[in-house]
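The values are calculated or read from the model by the stated rules, or taken from the named source; none is laboratory data. Values in this document were obtained by computation on a predicted structure and should not be read as measured data. Don't worry about glycine lacking a Cβ; one is built from the backbone with ideal geometry, like all the others, and counts go over all protein chains shown. To get the accessible areas, we keep the full protein, side chains included, count just its heavy atoms, and leave off ligands, DNA and RNA. Shrake-Rupley method; radii C 1.70, N 1.55, O 1.52, S 1.80 Å.
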Amino acid sequence: MSNLVVTIPANPPERLDKALALAVPEAAALSRSRLAQLIADGAVSGPDGVVRNGKARVAEGQDYLIHVPDPEPVETRPEAIPLVIVHEDDDLIVIDKPAGMVVHPAPGSPNGTLVNALLAHCGDTLSGIGGEKRPGIVHRIDKDTSGLLVVAKSDRAHHRLAAQFEAHTAQRRYLALAHGVIDGADARLRGTPGVSFEDGAVLKITSRLTRHATDRQRQAVYFDKGRHAVTRARMLERFGTPPVAMLVECRLETGRTHQIRVHMAHAGLGLIGDPVYGGARRASAKALGAAAEAVSVFPRQALHAAHLGFDHPVTGESLSFDSPLPADMQALLDALRLTGT
């Protein structure tokens, strides 16, 4: 348990929770939501004693005592699962996640997740996130997507990293193998709602995304509801005679659930191996030759989080990380390259 005295500054917001969020020292790493919970728990005292109402009025110069409890252990069990660690310091850890690993425990995946592995690896170096002794998941990648993600080990890192992802200043680039090719002269592609082209033959897909109306496990493209989403895609190589597949670089402006997979499928460029959004599209043996079989049996969405860049949340240093294609995607790419372009 630690105690923190906060003095309400000049011209404060009228509400206690907002005023404390403004006045609390940055080093304390207490978000407004965390402060609201502490107030509700009776951990904040003012001039008239304990305050449990976050909407209580405040005045300049008032002192408030905040009792910050030590982080509590979480119920998730630590598991000694090997990790590929790209970078680690006191505040964060960057992992190169393999395909097949779930990031966070859920009813269908209570163990064997990245969080289970991080609890074992980090141990006592976790300083606590939101009052719990756990790693701070700032962003996620799907179970069967491989590649880079950063996880916070401290509250201060968690808040500042989350702010970068919210402001879209973190850089994320993915490599994917997809059906079809990006062609600026393709009338079908140009006529697809939300699809446009930018300089450098970059395909831009803009829409809103939310849960599918009938299949709650899927996301769907809408233009009148859901969360704003923007994906940019640039073809790096094309394969087949005629070209029917490509290696593509996708850049996220926003980071919504399944965003790349949904947007590429919407543009008619579904990812190879995607069991949810790839549809029943079959590889053309005539166009791809022997590589058609490798495409047809690829067991997961061919998507890899290849680049991650952000400013260190504590030091401000610009950090940049790259991950090579995993063996399964590299083998598929090699097979496609043998078809010619």
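Odds and ends about this structure:
- Filtered residues of segment 17-36 (kept if in a helix (DSSP H, G or I) and modelled with pLDDT under 85): A21, L22, A23, E26, A27, A28, R32, S33, R34
- Among the residues of segment 112-121, none qualifies, meaning not one is hydroxyl-bearing (S, T, Y) and within 18 Å of T315 (Cβ to Cβ).
- Residue within segment 312-321 that is more than 21 Å from the chain's Cα centre (by Cα), within 26 Å of E166 (Cα to Cα) and among the small types (G, A, S) present: no
- Search result, residues across segment 80-97 that are open to solvent by 70 Å² or more (accessible area, probe 1.4 Å) and farther than 23 Å from R156 by Cα: A80, P82, V84
- Residue within segment 273-291 that is at negative phi, surrounded by fewer than 16 Cβ atoms within 10 Å (Cβ to Cβ) and among the acidic types (D, E) present: no
- Residue match in segment 133-143 (condition: in contact with an Asp or Glu (Cβ under 7 Å, 6 or more places away or on another chain) and modelled with pLDDT of 90 or more): no
- Scanning segment 229-244 for residues that are part of a strand (DSSP E or B), out of contact with any helix residue (DSSP H, G or I) (no Cβ under 6 Å at 6 or more places or on another chain) and open to solvent by less than 80 Å² (accessible area, probe 1.4 Å) returns V230, R232, A233, M235, L236, E237.
- T254 touching a residue at least 60 places away in the same chain (Cβ under 8 Å), out of contact with any helix residue (DSSP H, G or I) (no Cβ under 6 Å at 6 or more places or on another chain), open to solvent by 70 Å² or more (accessible area, probe 1.4 Å) and under 29 Å from S320 (Cα atoms): no
- Screening segment 296-341 for residues that are open to solvent by 10 Å² or more (accessible area, probe 1.4 Å), part of a helix (DSSP H, G or I) and touching a residue at least 60 places away in the same chain (Cβ under 8 Å) and picking the one that is nearest to L236 (Cα to Cα) gives R337.
- Residue count, segment 61-79 (criterion: modelled with pLDDT of 90 or more and surrounded by fewer than 13 Cβ atoms within 10 Å (Cβ to Cβ)): 2
- Residue match in segment 206-214 (condition: more than 12 Å from T257 (Cα to Cα) and crowded, with 16+ Cβ neighbours inside 10 Å): yes
- Unique residue being within 13 Å of the chain's Cα centre (by Cα) and buried (at least 21 other Cβ atoms within 10 Å of the Cβ) when the list is L114, L148, L118, L175: L148
- Residues within segment 43-53 that are open to solvent by 20 Å² or more (accessible area, probe 1.4 Å) and in a loop (DSSP other than H, G, I, E, B), tallied: 5
- Close pairs (8 angstrom Cβ cut-off, 6 or more residues apart or separate chains): assigned to a loop (DSSP other than H, G, I, E, B) in segment 83-97, open to solvent by 60 Å² or more (accessible area, probe 1.4 Å) and not charged (D, E, K, R) anywhere: L83/H121; V84/P98; D90/T125
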